[in-house]
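The values are calculated or read from the model by the stated rules, or taken from the named source; none is laboratory data. From a predicted model like this one, the values you see are computed outputs, not experimental measurements. Glycine also receives a Cβ, built like all others from the backbone with ideal geometry; neighbour counts cover every protein chain displayed. Heads up: the accessible areas ignore ligands, DNA and RNA and are worked out on the full protein's heavy atoms, side chains in. Shrake-Rupley method; radii C 1.70, N 1.55, O 1.52, S 1.80 Å.
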Amino acid sequence: MRRCNNRAALRERRLAEIAGVALRSDELARIRDRLGREPSAVELHAFDAQWSEHCSYKSSRHLLKKLPTSGTAVVLGPAEDSGILHLGEWKGERYGIVIAHESHNHPSQVVPFEGAATGIGGIVRDVLCMGAELIAVADPLRFGRIEDPHSHQRYVAQGVVDGISAYGNAIGVPNIAGDLYFDERFDDNCLVNVVAMGIVKESDVIHSYAPPGADGWDIVLVGKATDPSGFGGASFSSLTLDAQDEDSNKGAVQVPDPFLKSVIMRASYRVFRFLREQGLTVGFKDLGAGGIMGCSAEIVSAGGYGARIDLDAVNVAIEGMRPEVIAVGETQERLLWVVPPTVTPELLRIYNDEYTLPEIAYNARATRIGSVTAEKRYVLTHGGQSVMDVDIEFLTGSIRDELPFGELPARDVTSERPLVTGVQLDELIERVLAHPDVCSRAPLYRRYDSVVRGCTVIPRGAAGAGVLAPVPGSPLGVALAVAGNPRYSHINVRLAAEHAVYEAVRKVVATGARAIGLTDCLNFGNPRKVDHYSELVAAIDGLARASEHFHTPFVSGNVSLYNESAGGRAIPGSAIVACVGVLNDLATVVTMPLKSAGSVLYLIGAPQGALGGSVLLDVLGRSDEHLPRIDYETIAAQHDLMYEATQARLFRSARAIGNGGLLTALCEAAFATMRKGRAVVGAQIDDAFQWTHGTVGDLEACFGESGGFVVEVAADDVESFEGLADEVSGVYEIGVTIDRPMLVVDDQAFDLHRLQEIWSAPLREVYP
């Protein structure tokens with residue numbers, strides 16, 4: 001019997017190899033058994049895409065149920081292409097922030113420019129299809145070693161940024177947030193995560209499912225002519241990268257056209273207005289993984305329907321394409337509507353005539369390709385013949401892999417650590433500021449337009465979070481920040497995930513906003529390896545714990561697995577988090593630059609001796625497996641203090657503390673004053689760190705990364721602030737601002753102009 005089973009499995013594998021699909025032998029057998037026949041080539045490729053890790057989340061969906069997804073601010077949780085959070089009310093209308101979070105890791109490693117550009121293109125569509133107007137994007141990035149100018153790692157780091165800037169700038173959406181880390185463990189697999197944000201009246205949300213009563217409705221495809229690019233993209237993103245497959249991998253990467261996308265976006269806004277004027281409820285979804293098949297099957301299945309699609313009706317770029325390529329190819333810049341037949345002519349007129357899609361790109365257009373059916377079958381025809389006919393729930397239904405995992409080794413994070421000794425402050429400050437994870441990102445983000453649309457309040461690089469005024473004329477504001485430290489992940493992936501939430505929330509809080517919700521992208525290795533899968537499980541546990549404590553539910557997210565090389569080298573498991581915050585009154589927003597001499601500086605958040613994952617230890621070549629602990633109760637009180645003081649307008653400036661610690665945060669706040677025509681404001685730290693009461697050493701206080709804030713309070717407001725802070729632990733008066741371009745620490749003075757040059761220089765060569 002075992003020999004027969006092995007022979008059957010071998011036959012299934014050969015079938016998969018011949019067809020060019022990544023389905024496992026057990027999956028192929030399941031498909032054959034359910035169909036009662038051999039699957040057609042189109043069906044094989046359809047199941048290959050739909051059952052890929054990228055589309056099905058087969059090894060992670062059940063784990064993600066641990067994440068909190070409901071709360072007072074949640075309008076729509078992670079059930080559709082994007083989540084929605086309540087922003088506020090203005091002139092009798094309730095407004096929602098639409099947000100989505102994706103990855104384009106594999107494509108960006110293979111073809112950096114196109115891979116990153118199409119990542120932005122895809123995430124923008126996820127937000128657009130909810131009926132929202134795009135207002136921002138963000139880009140958390142992780143690259144390998146870039147010291148060698150001729151290395152593939154340098155090529156990737158440059159191409160990714162060029163792709164993001166070229167696409168985002170062309171479609172006119174500001175890039176307001178992001179972060180950047182360099183680590184040799186990303187040499188073979190970069191991480192390109194992208195976030196998009198939109199604004200919509202909550203009464204105007206469009207859903208990505210066929211609504212009730214949609215039997216017989218039209219399925220309308222909009223956008224670029226379908227071509228062979230991106231064919232096999234979903235399964236490609238669900239496999240380990242192998243350099244030997246470079247040519248075929250490149251073919252799985254889509255080709256971007258941001259100028260066409262810009263027109264499609266604006267045409268879609270026009271369609272939104274038409275539908276609202278008519279009071280119509282329809283379905284709208286973007287084409288991503290799985291192409292026409294994946295999108296059309298999911299939108300009708302989610303409404304409880306089936307579909308019949310005529311592939312001959314699809315606008316194509318090349319005649320004679322195989323039906324599986326037309327069905328499953330992932331050509332960019334495409335959307336799909338489910339509308340009543342009476343609406344279809346006007347839909348086609350808006351896209352094709354009013355916005356002239358056929359004149360923008362070859363054979364681009366809106367075209368009817370099929371219809372919704374009450375029978376829950378998914379049928380594709382080509383050349384007048386049926387090439388696919390399957391039960392739609394079998395195609396799109398939940399497929400689940402039960403994979404083994406174990407408990408990761410427990411690490412004590414509460415032990416007192418020995419103080420850093422044998423080095424002096426003046427030896428370290430320049431090295432910390434020049435560290436790749438600390439130095440200025442301006443050479444990178446200056447390529448991005450962060451103020452297009454005219455609603456940016458705090459642009460990229462001016463704080464840890466970007467802030468927008470999304471509703472013209474209203475006082476409402478929205479803040480966006482991202483976080484996820486791979487140095488922490490290397491030590492303890494669960495605590496690293498908790499810190500990712502804490503850091504993202506902290507950055508938002510520093511602007512005066514209230515954190516209301518989160519998104520995540522879980523970037524990990526091969527789930528079929530126990531240690532990699534165990535990391536994923538632990539990270540989700542960490543995210544869930546932090547989310548509960550901060551009352552910030554997850555409303556959208558993504559899982560990116562198989563981030564490892566063919567040699568088995570995986571990335572550090574990386575949970576990357578985005579946080580959305582809201583401001584009821586933008587007049588209370590707090591910015592980072594120090595404002596004037598004579599203010600009092602406070603540290604909110606007690607320094608700790610745990611230095612694991614810190615830049616300080618990295619520059620010293622030392623290691624420590626103790627990450628800073630997170631005291632949620634104390635931090636909640638500190639965040640309440642930040643909000644109350646902001647509402648009372650007691651802060652002149654504020655900066656969240658992160659990589660490089662307190663002194664780095666102070667330096668960055670001072671560097672931000674160094675603009676033409678402005679007086680430079682410096683800082684002086686008092687009394688040889690007596691405010692630490694000896695609980696940590698001076699260097700731990702200067703460079704520890706346990707979190708918190710450094711805030712500036714005008715002398716006249718000190719009494720009011722200290723009255724608010726009286727019952728809050730971990731608040732320290734640490735110094736004053738001065739009217740000299742100096743950072744003075746105890747008896748040592750550092751020239752801020754020199755420090756700024758050291759901080760500004762490292763990435764100039766990479767991003768000239």
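Compute the distance from the alpha-carbon center of region 641-674 to that of region 142-189, in whole Å.
27
Need the list of lysines near Lys201 for cross-linking: C-alpha distance under 17 angstrom, and skip anything on the same chain fewer than eight residues off.
Lys91
Cα axis of helix 530-550 to longest principal axis of the chain: angle in degrees, 0 to 90, nearest 10?
Around 60 degrees separate the two axes.
How many nm separate the modelled label positions at Ser398 and Asp426, each set 7 Å beyond the Cα in the direction of the Cβ?
Inter-label distance under the simple model: 6.4 nm.
Place the peptides 580-591, 637-648 in order of packing, highest mean first, counting for every residue the other Cβ atoms within 10 Å and averaging per peptide.
Numbers: 580-591: 20.6, 637-648: 19.1.
Highest-to-lowest ranking by the protection proxy: 580-591, 637-648.
Taking the Cα centre of region 96-396 as origin and charging only Cβ (+1 Lys, Arg; -1 Asp, Glu), how large is the dipole, in debye to the nearest 20?
Using only the charged Cβ atoms, the result is roughly 820 debye.
Calculate, for Leu35 and Arg453, the FRET efficiency according to 1/(1 + (r/R0)^6) with r their C-beta to C-beta distance and R0 51 Å; round to the nearest 0.05.
Details: r = 50 Å, r/R0 = 0.98.
Computed FRET efficiency for Leu35 and Arg453: 0.55.
Suppose R0 equals 35 Å; then what is the FRET efficiency for Arg94 and Tyr362 from their Cβ-Cβ distance, rounded to the nearest 0.05?
Working: r = 42 Å, r/R0 = 1.20.
Calculated value: 0.25.
Using just the alpha carbons, could you tell me how many Å³ per residue the convex hull of region 420-511 encloses?
Details: hull volume 12.7 nm³, N = 92.
Spelled out: Cα convex hull of region 420-511, divided by residues, is 138 Å³.
Rank Leu287, Ser165, Trp217 by how far each Cα sits towards the positive end of the charge dipole of region 96-396 (+1 on Lys, Arg Cβ; -1 on Asp, Glu Cβ) and give me just the farthest.
Trp217
Report the full-extension gain for the segment Ala715 to Asp640: residue separation times 0.36 nm, less the Cα-Cα distance, to one decimal in nm. Mind dumping the intermediate values first?
Values: separation 75, 0.36 × 75 = 27.00 nm, distance 2.18 nm.
That pair, Ala715 and Asp640, stretches by 24.8 nm at full extension.
Can you tell me how much longer the chain between Ser729 and Asp389 gets when fully stretched, taken as 0.36 nm per residue apart minus their C-alpha distance, in nm with one decimal? Kindly include the intermediate steps, with their values, before the conclusion.
On the way: separation 340, 0.36 × 340 = 122.40 nm, distance 6.50 nm.
Going from the current span to full extension adds 115.9 nm.
Calculate how steeply helix 632-647 sits against the longest principal axis of the alpha-carbon atoms of the chain, using the helix alpha-carbon long axis, and give the answer as 0 to 90 degrees to the nearest 10.
With rounding to tens, the tilt is 80 degrees.
Could you work out [θ]222 nm for the chain from helices alone, using -39500 (n - 2.57) per DSSP H run of at least four and dividing by all its residues? Round to the nearest 500 deg cm²/dmol. Could you put the intermediate results ahead of the total?
Working: 27 runs with 263 residues, N = 768.
Mean residue ellipticity at 222 nm (helix-derived): -10000 deg cm²/dmol.
Charges at C-beta only: +1 for Lys and Arg, -1 for Asp and Glu. How large is the resulting dipole of the chain about its Cα centre, in Debye rounded to 20?
Details: 69 positive and 99 negative charges, 382 e Å.
Magnitude of the dipole: close to 1840 debye.
Whole number in Å², please: accessible area per residue of region 52-194, 1.4 Å probe, ligands, DNA and RNA not counted.
Numbers: 4010 Å² over 143 residues.
Accessible area per residue, region 52-194: 28 Å².
Charges at C-beta only: +1 for Lys and Arg, -1 for Asp and Glu. How large is the resulting dipole of region 590-768 about its Cα centre, in Debye rounded to 20?
Details: 12 positive and 27 negative charges, 202 e Å.
Dipole size: approximately 960 debye.
At 0.36 nm per residue, minus the direct Cα-Cα distance, what do Ile318 and Tyr269 gain on full extension? Give it in nm, one decimal, please. Mind dumping the intermediate values first?
Values: separation 49, 0.36 × 49 = 17.64 nm, distance 2.94 nm.
Full extension of this stretch gives 14.7 nm more.
Rank by packing, highest mean first: peptides 200-210, 392-402, with packing defined as the count of other Cβ atoms within 10 Å averaged across residues.
Values: 200-210: 19.1, 392-402: 16.3.
Ranked by mean Cβ neighbours within 10 Å, highest first: 200-210, 392-402.
Any idea what the relative contact order of region 94-232 is, in percent, if you count C-alpha pairs under 8 Å spaced at least 6 apart?
Numbers: 264 pairs, mean separation 53.8, N = 139.
Relative contact order for region 94-232 comes out at 39 percent.
Looking at region 96-396 only, what percent of DSSP beta bridges run antiparallel? Nearest 5 please.
Numbers: 41 of 54 bridges.
The answer is about 75 percent antiparallel.
Which angle from 0 to 90°, rounded to the nearest 10, does the C-alpha axis of helix 41-50 make with the longest principal axis of the chain?
20
What is the Cα convex hull volume of region 354-503 when expressed per residue in Å³?
Values: hull volume 50.8 nm³, N = 150.
In region 354-503, the Cα hull volume divided by residue count equals 339 Å³.
Given the options Ile99, Ser229, Pro553, identify the residue whose Cα lies farthest towards the positive end of the charge dipole of the chain (+1 on Cβ of Lys, Arg; -1 on Cβ of Asp, Glu).
Comparing the listed Cα positions along the dipole, Ser229 ranks first.
Tell me the carbon and sulfur percent of the accessible area for the chain, rounded to whole percent, probe radius 1.4 Å.
On the way: 13170 of 27810 Å².
Result for the chain: 47 percent of the exposed heavy-atom area is carbon or sulfur.
Among the lysines, which fall within straight-line cross-link reach of Lys66, defined as a Cα-Cα distance under 29 Å, with same-chain neighbours fewer than 8 residues apart omitted?
Lys58, Lys285, Lys507, Lys529
Do you know the relative contact order of the chain, to the nearest whole percent, from alpha carbon pairs under 8 angstrom that are 6+ apart?
Details: 1886 pairs, mean separation 114.4, N = 768.
RCO, the chain: 15 percent.
What order do you get for 460-471, 607-618, 498-509 when each peptide is scored by the mean count of other beta carbon atoms within 10 Å, highest first? Working shown, then result.
Numbers: 460-471: 25.5, 607-618: 23.7, 498-509: 29.0.
Packing proxy ranking, top to bottom: 498-509, 460-471, 607-618.
In vacuum, with every alpha carbon of region 590-768 counted as one equal point scatterer, what does the Debye formula give for log10 I(q)/I(0) at q = 0.12, 0.15 Å⁻¹? Two decimals, please.
Calculated log10 I(q)/I(0) at the listed q: -0.56, -0.88.
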